[in-house]
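The values are calculated or read from the model by the stated rules, or taken from the named source; none is laboratory data. These numbers come from a predicted model, not from an experiment. Cβ sites come from the backbone with ideal geometry, for glycine too, and all protein chains shown count toward neighbours. With ligands, DNA and RNA removed, areas are computed over all heavy atoms of the protein, side chains included. Shrake-Rupley method; radii C 1.70, N 1.55, O 1.52, S 1.80 Å.
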Amino acid sequence: HHRPYEVQSPAHSSRTFWNHYETGLLVQLWLELEPQFVANKRNAGVWAQLAQRLTEQSARHRTVRECRIKWKNMWAKHRDLVNARHMSHEAKLREFPYFTDFSAIRQRSGSQLPRSATQQE
């Protein structure tokens, strides 16, 4: 059971919650590094740079794996909403504030999202 005085560090918790600030920062940093992500099929170094900058700016340690998983989940969310034909654009934005950003990334990369943007090596 839960003991409140044994505070577990969020970095070591098995379920890592991303707050709104961290999520926005992840998107912002990815967009800043987009040319490098697009240019490099093997992008572990770019992800490492992103994770380091995210940790520095959010004061919460994030691993490359956590960042990649979050990014991949956000793409899945975007895909689900793209396929949700019954929803208005406004409803999609309420559901996923980064919908427009992700649509723009997808458009810039052609109809197919580059594997490197979402996949592990």
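Work through the residues other than Lys77 whose Cβ is under 14 Å from its Cβ and net out their charges, Lys, Arg +1 and Asp, Glu -1.
Numbers: positive: Lys70, Lys72, Arg79, Lys92, Arg94, Arg106; negative: Asp80, Glu95, Asp101.
So the surrounding residues net to +3.
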Cα-projected label distance for Trp75 with Gln57, points at 7 Å along beta-carbon direction, nm:
2.1
How do Arg65, Arg108, Arg60 stack up against each other in accessible area, from largest to smallest, with a 1.4 angstrom probe?
Arg65, Arg108, Arg60
